[in-house]
1. Could you list, ordered by first residue, the pairs with Cβ atoms under 6 Å in which the first is in the stretch 87-116 and over 20 Å from Asp3 (Cα atoms) and the second is in a loop (DSSP other than H, G, I, E, B) and of a type in the set (Lys, Arg), at least 6 apart or interchain?
2. Hey, can you tell me all the residues within the stretch 164-179 that are surrounded by 14 or more Cβ atoms within 10 Å (Cβ to Cβ) and either of a type in the set (Gly, Ala, Ser) or in contact with a Phe, Trp or Tyr (Cβ under 6 Å, 6 or more places away or on another chain) (or both)?
3. State which residue pairs qualify: first residue part of a loop (DSSP other than H, G, I, E, B) and inside the stretch 240-254, second residue small (Gly, Ala, Ser) in any location, beta carbons under 8 Å apart, and separation of 6 or more residues or different chains.
4. Out of everything in the stretch 20-36 that is among the aliphatic types (A, V, I, L, M) and touching a Gly at 6+ places or on another chain (Cβ under 7 Å), what residue ends up being surrounded by the most Cβ atoms within 10 Å (Cβ to Cβ)?
5. Checking Pro66 against (1) assigned to a strand (DSSP E or B); (2) at pLDDT 95 or above: exactly one of these is not met. Which one?
6. Quick one: which of Ala141, Ala126, Ala112 is under 27 Å from Arg72 (Cα atoms), aliphatic (A, V, I, L, M) and out of contact with any helix residue (DSSP H, G or I) (no Cβ under 6 Å at 6 or more places or on another chain)?
7. Taking interchain pairs and intrachain pairs at least six residues apart, which have beta carbon atoms under 7 angstrom, with the first residue in the stretch 266-280 and over 16 Å from Ala242 (Cβ atoms) and the second modelled with pLDDT of 95 or more and in a helix (DSSP H, G or I)?
8. Using the structure shown, decide if Ser17 is surrounded by fewer than 19 Cβ atoms within 10 Å (Cβ to Cβ), in contact (Cβ under 8 Å) with a residue 40 or more places away in the chain, of a type outside the set (Phe, Trp, Tyr) and under 27 Å from Thr266 (Cα atoms).
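The values are calculated or read from the model by the stated rules, or taken from the named source; none is laboratory data. Note that the coordinates shown come from a computational prediction; the quantities given were computed from them, not determined experimentally. Glycine also receives a Cβ, built like all others from the backbone with ideal geometry; neighbour counts cover every protein chain displayed.
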Amino acid sequence: MIDLVAIGHVTIDETPSGIRPGGSAYYAALTAHRLGLGVGLLTAAAADYPLDVFPDGIEVHVVPSPQTTRYRVGESQGARTLTLLSRAVDLEAEQLPADWSKAPLALLGPVANEVDPALAGAFDDASVAVLPQGWMRKREAGGLMSPQPWEDAEVVLPRAQLLVLSEEDLGGSEETAVRWLHQVPLGAITRGRRGATLYVNGEPYHVTADAATEIDPTGAGDVFATTLLIAYQQSGDAWEAAALAACAGAASVEAAGAAGVPDRATLETRLTAYRRRRGG
């Protein structure tokens, strides 16, 4: 049974510490799997993509593509830079396996404007999470990615249960993001070591970050968002779900790549310590 469908390009990331798989959908699929869910992943990649990076329990539907999406990850003036080296084909609503439309949870995680906005409405009755950063980037000359407006927000948001943004994608102004967050039942702006701002029916609340020794922040926002979606669907308590998401995001930064994505037992242990430190 598929409990959660993740949609977006899996990537090959060239980082200062080596080459490894990436992409929001990749991190979302692994997070959901480690939390005990049956996972479907709709993606596009070339035939040489190493699908053995996915454990049993994640069903991967790959749209054939001449190329896999590939990024070079760097840093300039203290900020992360992304250079798009190659891009797989788009993901369209008709490519979703028919039986996956019945899944109770779905997550759209584009990385290079590849996800058809119509996929937000392709599910019968799912709680849909949206991580729009890949719709908020454009490729400049040489492949360097820069910000662009999210043109399809008004199409996607009416279908969304959860919207998660990173403050680094907002260009220093949160006015538009806050307007979007007022259009969904649950949302968040992640802020790294400073935690997150949780929006419940448009009202903001601070979420304290869990203590962590950071090794690699890649994918932390995706892990946070996926955990928030799952925990909220299971408990209906936005604040408890946000606490669990904070612990999951913190755990994920304590190892390189996806190695730090926690399983259920690890997450529960962290949550107990997190509550103790916060006095509740």
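1. Sorted first by the residue in the stretch 87-116, then by its partner, the pairs are Ala112/Arg87.
2. Scanning the stretch 164-179 gives Ser166, Ala177.
3. Cβ pairs passing all conditions: Val253/Ala212; Val253/Ala220; Val253/Gly260; Glu254/Ala212; Glu254/Gly260.
4. Residues of the stretch 20-36 that are among the aliphatic types (A, V, I, L, M), as a first pass: 25, 28-30, 32, 35.
Narrowing the set further to residues that are touching a Gly at 6+ places or on another chain (Cβ under 7 Å) leaves 25, 28.
On the way: Ala25: 30, Ala28: 33.
In this case the residue turns out to be Ala28.
5. All conditions are met except number (1).
6. Working: Ala126 fails: under 27 Å from Arg72 (Cα atoms); Ala112 fails: out of contact with any helix residue (DSSP H, G or I) (no Cβ under 6 Å at 6 or more places or on another chain).
Just a single option satisfies the conditions, and that option is Ala141.
7. Thr266/Ala251
8. yes
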